[in-house]
Amino acid sequence: MDAASIAGALGKIGYDVDLYLDLCRICLQEIPVLRERLAGCPAQGSEEVFRLAHSCKNTCGAIGADICAALCARVETAARAGDAGETGALVGELVPELVRVEATVRRVLEDPVAYGLVPPE
């Protein structure tokens, strides 16, 4: 996530910074759970993997984690196709990406001024 992707996410919600920060807080609650569940799923192109990846895609897309959302879409496609090998490989990429997104969201919430979300006092 960078300033441009955050600005894009803000634009989708009418530049409502309070709403964006609320979405970030929700993201911090959801991502660890989704990540753990994905990591624990068998890599068999299952409906569960598809559903979890879809939830991750929506969560990440809402906050501007576009790279992660695109990776989630790839997991969805592989899972839906029943390609266990590709699904497993992509989940292997997605889990650490979700860790990075979570860390970035924490930084955004800890210092929204640094991300241009609120003016300095």
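The values are calculated or read from the model by the stated rules, or taken from the named source; none is laboratory data. Keep in mind that this is a model prediction, so the values were computed, not measured. Neighbour counts run over all protein chains shown; Cβ positions are idealised from the backbone, glycine included.
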*Within the stretch 35-93, how many residues are assigned to a helix (DSSP H, G or I) and farther than 29 Å from residue 22 by Cβ?*
14
*Is it true that residue 5 is among the polar types (S, T, N, Q), more than 25 Å from residue 119 (Cα to Cα) and touching a helix residue (DSSP H, G or I) at 6+ places or on another chain (Cβ under 9 Å)?*
no
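Being basic (Lys, Arg) and either without any contact (Cβ under 8 Å) to a residue 24 or more places away in the chain or within 24 Å of residue 1 (Cβ to Cβ) (or both) is the filter here, so list the residues in the stretch 47-89 that pass it.
From the stretch 47-89, those basic (Lys, Arg) are 51, 57, 74, 80; that's our starting set.
Hits for the stretch 47-89 are 51, 57, 74.
Name the one entry in 81, 53, 69 that is surrounded by fewer than 18 Cβ atoms within 10 Å (Cβ to Cβ) and farther than 25 Å from residue 119 by Cα.
Values: 53 fails: surrounded by fewer than 18 Cβ atoms within 10 Å (Cβ to Cβ); 69 fails: surrounded by fewer than 18 Cβ atoms within 10 Å (Cβ to Cβ).
Answer to the check: 81.
Mind listing whichever residues of the stretch 8-34 are assigned to a helix (DSSP H, G or I) and among the small types (Gly, Ala, Ser)? Working first, answer last.
Initial filter on the stretch 8-34 (assigned to a helix (DSSP H, G or I)): 8-12, 17-34.
If the condition is that a residue be assigned to a helix (DSSP H, G or I) and among the small types (Gly, Ala, Ser), then 8, 9, 11 are the ones that fit.
Please go through the stretch 21-50 and give me each residue that is of a type in the set (D, E, K, R) and surrounded by 14 or more Cβ atoms within 10 Å (Cβ to Cβ), ordered by number.
Taking the stretch 21-50 as the starting set, the residues that turn out to be of a type in the set (D, E, K, R) are 22, 25, 30, 35-37, 47-48.
Matches in the stretch 21-50: 30, 35, 37, 48.
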_Taking the conditions exactly as written (touching a Gly at 6+ places or on another chain (Cβ under 6 Å) and surrounded by fewer than 16 Cβ atoms within 10 Å (Cβ to Cβ)), does residue 8 satisfy them or not?_
yes
*What are the pairs, 6+ residues apart or on separate chains, where a residue within the stretch 98-121 that is crowded, with 17+ Cβ neighbours inside 10 Å and among the small types (Gly, Ala, Ser) has its Cβ under 8 Å from a residue that is modelled with pLDDT under 95 and assigned to a helix (DSSP H, G or I)?*
none
_Pairs where the first residue, in the stretch 1-24, is of a type in the set (Gly, Ala, Ser) and the second is surrounded by 13 or more Cβ atoms within 10 Å (Cβ to Cβ), C-beta under 6 Å, 6+ apart_ = 5/64; 5/66; 8/64; 9/63; 9/64
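Across the stretch 2-50, what is the number of residues that are small (Gly, Ala, Ser) and within 30 Å of residue 83 (Cα to Cα)? Before you say what the answer is, go through the steps one by one.
Applying the first criterion (small (Gly, Ala, Ser)) to the stretch 2-50 yields 3-5, 7-9, 11, 14, 39-40, 43, 45-46.
Then drop every residue that is not within 30 Å of residue 83 (Cα to Cα), which leaves 39-40, 43, 45-46.
So the count comes out to 5.
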